[in-house]
Each structure stands twice: as C-alpha cells, then as structure tokens.
C-alpha cells in the first residue's frame, strides 16, 4: 500500500474459471499442494483447519431429482483489487505488520510468512475464507521432504498463508525474460500450477490488462461473473457459467431483487 | 523499636490466615490459566477451537470487553481531573486499579492470541498505518503506561514505602501533575477504544459489522468509545459493590456512586440513541446494499436470533439507561445494582456480536453459518485475568490506601 503513489497499471494477473467445464476432479488442488509445499494433516476430516490454497465447492440448484443440477466451483484467493486502484483489498488494508501486500506491478496479493505474527485479522477480513492459518507444525511424511519445491519456503506454525498465484513462477519467468533481453513475459511462460493441471482447461490464467491474453477476452463474456461483487472487493478471479442459478449463487440478493441475467450487467471494476 | 505497619493506619483488615486462604484459592485458578497459557504457547493455537472461519474468537471478545470495562479509568479520570468533579477523587484510585488490571489482562490475552508471540513486536516495527489494529497496539500500550503512572502514587502511599523520602515526594509530585496524565489517558483512550470499534467496522467484506462513517473512521469507532465511557464506570461501580460485600464494609459514600451512576446513565442514554440510529441505518441501507436483509443476520442458525439484539439494545441498553438517569431509579440500591449489571452485560454482548457474530454469518452464499464453542484452554486463559484481577485488587485493598473515605465510613474506635 505504501507504493501507491508510484502506481502504473502494467500487469493485472487474474484467472477465469469456466464452471461449465469444471468436473470437480481436484487436480488443481493436488497440483497446488505439490507446487507450493502446502502441508496436510494425518486426518483431514476437519476441513476448517485444513491448509488448502484452492478449495472446490459443490453447488446444486436445490431442486429434487430429476431437475437437480450440480456445479463445481474451485475457489483460490480472489486477489482482490479492492475499492479504487490503490490495493485496498480487504486483507491488505487491515494487516498491522504489512505481512500481506498488494504488488502494483502484477496485481498479486502477496503473503510474507516470515513477517506475519499470526494475529489473523486478515482472515477475519476475507469474506472468501481464502486465508489459512498454520494451526499445526507442518509435518511431512517420511522422505517427502525431498520432494518439496525448492522455490517455495514451507511455512511455520502460527502464521497465515494463502494462494500467491504461484508468484515464484512469475519470478522465474521474469528472470528468464530479463536474461533473454525481453521486457514482456509470454502468456505461456507464467501459468499457475492449478491452471496447468486442469484436465479440462477450465482454469485460464493470464494478464487481464493484456488484450492478447485469453483471460482478458473471457472476462468480458456474457457468462462471466465474480464472487461477492456487491461488497466491492473487486476480485481478479472471474467465473463463467451458462446457468443463471450458478451466476446468482455468486452473490447475495434480497428476496425482491430480480435475478441477474449475466455477469456483464453487474458492476465491473477495471 | 517501633516498626511501621504494612497495612494503612486506621483501617481494619482480615486475618493473615483468612487472607492467605483467599489468595490461595485465587492463585489456584490463576495457575490453571497459566497451565493453559503454557499449552497455547508451546503447543500452538491448535489447543483452541478456533479455525479458519473463526480467526477471531473468545480471546478477541475478552480483549474488547475488558478494554470497554476498563474504560471506567479514563472516563472517571476525565471527569475528576479535566471536568473537575472533585467528589470522584474518592473512587478514582479504584477506577485506575480496575483499568490497570483490565489493560494488562488485554495485553496478556493478545500475547497468547497471536500465532507467533515472539514476533509480537512486529506490530510496532513493521507498522501498517492503515490498520486499525496498529492504532490499537500503539494507543493501548501507551495508555497502559499512563495507567501504570496513575497507579504508582497509590502504591507509594503504602505505609512502608511511604517511609522512603524519595517515594513519598515522588508520590506527592505525581499527584500534583496527575491532570496531565489523565488528559493523556483520555486522548489515548479515545483513539484505542475507537480503533477497537474500527477493527470490525472497517471490514467491508463482512456485512454484519461493516459501517460507513466519517473519513477513515466507521461509526463503530465513535460508538465503541461512547459505550466504553458509558459502561466502564458502571463496571467500576459494580466492582466497588462486590468489594464492599466481600469486605463487609462501606468503602465509598453513596453520593460519589450516585454522581458516577448519573453521568454513566446519561452517557448510556445518549449512546443508545446513537446506537439505535446506527442499527436502523445499517439495517435499512448498508446491509441491503450488500445483498443482505436485516433478518438474514438473525435466522437460519442455532444461536443468533433476534433475541440477542433485543438483549443488547433493550434489556441491557435502554432499561439500565432509564434506571440510571432517573433519581428514583439510581437511589434504589437494588435497581442501581441491576442497572450496572445490565450495562456491563450489554457492552459485553455488543463486543461479542461485533466479533463472533460477524464471523458466524455466511457471506459466500453457498456457505452455511459457522458455529464455535471455546476449548477449555481458551476458557482457562480467559478466566486467568479474572483470578489475576482478584489477586491485584486483594493486595491493593489490603496494603494500599485505595479508598479515601474508608476510615471515615468505618471508624475503628
């Protein structure tokens, strides 16, 4: 937030998830665990203290068989831009120790585990429950420590962690481009682990500000919507669905409010 | 050779044996809390029933509640030293001690609550000036320093300590400039009480607690300060009453209590008007703009019904305010006691809903209400400050001249 005066809108990385394509297979979650050294418990039945940077929700239209329709919705951190263009996302503005920050060059909401002292104010602020606390010491089963990703530091007990849009991959791609004398990173050079792993290509990742990137076109689809737009969190994760009940499930409405026909009709923060 | 007694002259205290047994009981409870604290520090916050939906829980409520209740110190100090209500000098020592206990308890609970206690200083070193919690940390720590300064002269007035010329003169000189510290305390309290209200009021991702306001300060900023000024003195009156019952002595004259009760009553009455106006605006404008109807916050869950709002605003708000602002009400001892108990419960309920209900309400439409009950470790560490408070008050009452009117009210000859 301190860098707001030097803000230039260059890149704004985001994600578009096509819910019509998502089968709920969980490959994105597995890939995320492996890429980001996310630890797990022996017993994962209590989901509210599980560490997962992307979760999959199962939604249904509430109708009995044979009219039942089901939709799977993967939910990573929404990397909110917040109100205005100064990174006033719900979590960044509240962190008392600047352990979470808004990166103005990419739009990524970062998390600095070594700065975090575990007050969990960011978790209270995030309406998506995208932030996870290390309630336990990370324990890796025998020999699996050897398979940890050397580009990502494992976190310790007592700090908050969350999806970083695999920022280490951005750093690698940026370094490679620099070494090759390029200013720009190609779309394929920086992809998140979940987007790469998705077998149906439901997850598309790229620069929302770059007209050559697929996400910049997809976000303007009539099927597009974002979660909780009415809160003005201004997320950079978009969802696509051809079903109006799914789009309606993305936000809260009063009983007498008309159903949204498409995400395009809603508020869009650029 | 004549030795100076350690107990203030002209007052009666219980026997050493009775005092030791009382202290042993309080210490046993304290040690239970210390053991739970040890578990939380060494095994981690997995000892609690908090989870990713309840990052804030019983401890943050306890922090907010004790700081509101400790508000009696700053507001009584304000009335005594700034407004010039001299009569309140007869209760200011006790208000300061209660405030000292409340604030030190809050700091201790915060130290247990953070996941990396050894990094607690990051909040000062890497301070984010945009965060309400940063403001809370700075003002709360500074005000705790002020309370310590306000408490010290009373400690130096212990007969043994007062025999030391340096401490005797220091206490005297500190008394003479106490108005400066009282004013500093009022200034700091306005900000940290307000910032605690801001902690939940700024959460624009949480429709239950989010409030609009003036500039960067949500309405809860002002409401928290107001309610602490209203209910803090009620807690001072309540603790004074409990102390009188336990020691079987009158310690403060009725006119002092009456004055404090009357001012509290008017603060509470005006606070209730502001709070009800805030609730109506939030229910009619703020929440609907976020897609929530008023009753969405009070239905479809096993705990949080509309009863909790009625309890906070009517039973523990309007009722005690009406009792305290009417002469007949506050002069009736039973009604006065009822009013201060209700006001104390009311401010605690307010802090509870602003922390716990805020997190219980599902915001993502396909999630459900989140329920929580604390673990024994959370309960024990929350009771710990109560035992600590009992010990500090017992020691202060036995060895310090806390109540200037005690000798007059309880002549020993």
Residues being buried (at least 21 other Cβ atoms within 10 Å of the Cβ) and at the interface with chain B (Cβ under 9 Å from one of its Cβ atoms) - total across region A:157-168: 3
May I ask you to list pairs of residues, at least six apart or on different chains, whose Cβ atoms are under 6 Å apart, with the first in region B:286-307 being within 14 Å of chain A (Cβ to nearest Cβ) and the second being part of a helix (DSSP H, G or I) and surrounded by 13 or more Cβ atoms within 10 Å (Cβ to Cβ)? B:290/A:230; B:290/A:231; B:291/A:230; B:294/B:283
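If you go through region A:2-13 one residue at a time, do you hit one that is at pLDDT 95 or above and on the phi < 0 side of the Ramachandran plot? Walk me through it before giving the result.
The initial filter retains those residues of region A:2-13 that are at pLDDT 95 or above, namely A:13.
So of that shortlist, the ones also on the phi < 0 side of the Ramachandran plot come out as A:13.
Looking through region A:2-13, at least one residue is at pLDDT 95 or above and on the phi < 0 side of the Ramachandran plot.
Give the residues of region A:35-49 that are within 12 Å of another protein chain (Cβ to nearest Cβ) and either surrounded by 18 or more Cβ atoms within 10 Å (Cβ to Cβ) or at pLDDT 95 or above (or both), sorted by residue number.
Let us first name the residues in region A:35-49 that are within 12 Å of another protein chain (Cβ to nearest Cβ), namely A:41, A:46-49.
Hit for region A:35-49 is A:49, nothing else.
Any residue in region A:234-242 that is under 18 Å from the mean Cα position of the chain (by Cα), at pLDDT below 95 and either surrounded by 13 or more Cβ atoms within 10 Å (Cβ to Cβ) or away from every other protein chain (no Cβ under 13 Å) (or both)?
Going through region A:234-242, the residues under 18 Å from the mean Cα position of the chain (by Cα) turn out to be A:234-241.
Cutting the leftovers down to at pLDDT below 95 gives us A:234.
Restricting the remaining residues to those that are either surrounded by 13 or more Cβ atoms within 10 Å (Cβ to Cβ) or away from every other protein chain (no Cβ under 13 Å) (or both) gives A:234.
Checking region A:234-242: at least one residue is under 18 Å from the mean Cα position of the chain (by Cα), at pLDDT below 95 and either surrounded by 13 or more Cβ atoms within 10 Å (Cβ to Cβ) or away from every other protein chain (no Cβ under 13 Å) (or both).
Considering only helices (runs of 4 or more DSSP H) fully contained in region B:91-162, which possess at least 3 residues that are buried (at least 23 other Cβ atoms within 10 Å of the Cβ) and either more than 22 Å from the chain's Cα centre (by Cα) or within 14 Å of another protein chain (Cβ to nearest Cβ) (or both)? Full working, then the answer.
Details: elements: B:122-125, B:132-156, B:159-162.
The helices (runs of 4 or more DSSP H) meeting that bar are B:132-156.
Any idea which of B:269, B:277, B:261, B:283 is more than 14 Å from chain A (Cβ to nearest Cβ) and without any contact (Cβ under 8 Å) to a residue 12 or more places away in the chain? Let's see the steps before the verdict.
Working: B:269 fails: without any contact (Cβ under 8 Å) to a residue 12 or more places away in the chain; B:261 fails: without any contact (Cβ under 8 Å) to a residue 12 or more places away in the chain; B:283 fails: more than 14 Å from chain A (Cβ to nearest Cβ).
From the options B:269, B:277, B:261, B:283, the qualifying one is B:277.
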Members of region A:192-208 found to be assigned to a helix (DSSP H, G or I) and touching a strand residue (DSSP E or B) at 6+ places or on another chain (Cβ under 7 Å), listed by number: A:194, A:195
In region A:194-233, how many residues are surrounded by fewer than 22 Cβ atoms within 10 Å (Cβ to Cβ) and within 14 Å of chain B (Cβ to nearest Cβ)? 3
Would you mention how many residues in region A:51-88 are part of a loop (DSSP other than H, G, I, E, B) and crowded, with 17+ Cβ neighbours inside 10 Å? 10
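Going by what's in this entry, would residue B:339 be described as within 29 Å of residue A:251 (Cβ to Cβ) and assigned to a helix (DSSP H, G or I)? I'd like the intermediate steps shown before the answer.
Working: within 29 Å of residue A:251 (Cβ to Cβ): no; assigned to a helix (DSSP H, G or I): yes.
Spelling it out, it is not the case that residue B:339 is within 29 Å of residue A:251 (Cβ to Cβ) and assigned to a helix (DSSP H, G or I).
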Selection over region B:169-180 where residues are modelled with pLDDT of 90 or more and either within 10 Å of residue B:143 (Cβ to Cβ) or surrounded by 14 or more Cβ atoms within 10 Å (Cβ to Cβ) (or both) yields a count of 3
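Given B:367, B:378, B:331, which one is surrounded by fewer than 17 Cβ atoms within 10 Å (Cβ to Cβ) and touching a residue at least 12 places away in the same chain (Cβ under 8 Å)? Break it down into steps so the answer makes sense when it comes.
Values: B:367 fails: touching a residue at least 12 places away in the same chain (Cβ under 8 Å); B:378 fails: surrounded by fewer than 17 Cβ atoms within 10 Å (Cβ to Cβ).
From the options B:367, B:378, B:331, the qualifying one is B:331.
Can you pull out the residues in region B:218-257 that are outside any helix (DSSP H, G or I) and over 26 Å from residue B:274 (Cβ atoms)? It would help to see each step written out before you state the result.
In the first step, residues of region B:218-257 are kept if they are outside any helix (DSSP H, G or I); the result is B:218, B:248-253.
Correct list: B:248, B:249, B:250, B:251, B:252, B:253.
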Out of region A:104-156, which residues are more than 14 Å from chain B (Cβ to nearest Cβ), touching a residue at least 12 places away in the same chain (Cβ under 8 Å) and within 30 Å of residue A:183 (Cα to Cα)? A:104, A:105, A:106, A:107, A:108, A:149, A:151, A:152, A:153
Being within 12 Å of chain B (Cβ to nearest Cβ) and surrounded by 13 or more Cβ atoms within 10 Å (Cβ to Cβ), is that true of even one residue in region A:20-34? no
Quick one: residue A:230 ticks every box in (1) without any contact (Cβ under 8 Å) to a residue 24 or more places away in the chain; (2) under 30 Å from residue B:203 (Cα atoms); (3) touching a helix residue (DSSP H, G or I) at 6+ places or on another chain (Cβ under 9 Å); (4) in a helix (DSSP H, G or I) bar one, so which box is it? (1)
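Would you check if residue A:91 is at pLDDT 90 or above and either under 18 Å from the mean Cα position of the chain (by Cα) or part of a loop (DSSP other than H, G, I, E, B) (or both)? Please lay out each step first, then the result.
On the way: at pLDDT 90 or above: yes; either under 18 Å from the mean Cα position of the chain (by Cα) or part of a loop (DSSP other than H, G, I, E, B) (or both): yes.
The answer is yes for residue A:91.
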Does residue A:98 meet the test of being within 14 Å of another protein chain (Cβ to nearest Cβ), in a loop (DSSP other than H, G, I, E, B), on the phi > 0 side of the Ramachandran plot and modelled with pLDDT under 95? yes
Provide a single number: the residues in region B:346-376 that are within 13 Å of chain A (Cβ to nearest Cβ), assigned to a helix (DSSP H, G or I) and in contact with a helix residue (DSSP H, G or I) (Cβ under 8 Å, 6 or more places away or on another chain). 6
Restricting attention to region B:29-79, which residues are without any contact (Cβ under 8 Å) to a residue 40 or more places away in the chain and more than 14 Å from every other protein chain (Cβ to nearest Cβ)? B:31, B:38
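The values are calculated or read from the model by the stated rules, or taken from the named source; none is laboratory data. Predicted, not measured: the structure shown is a model, and the values here were computed from it. Cβ: placed from backbone, ideal geometry, glycine included. Neighbour counts: every protein chain shown.
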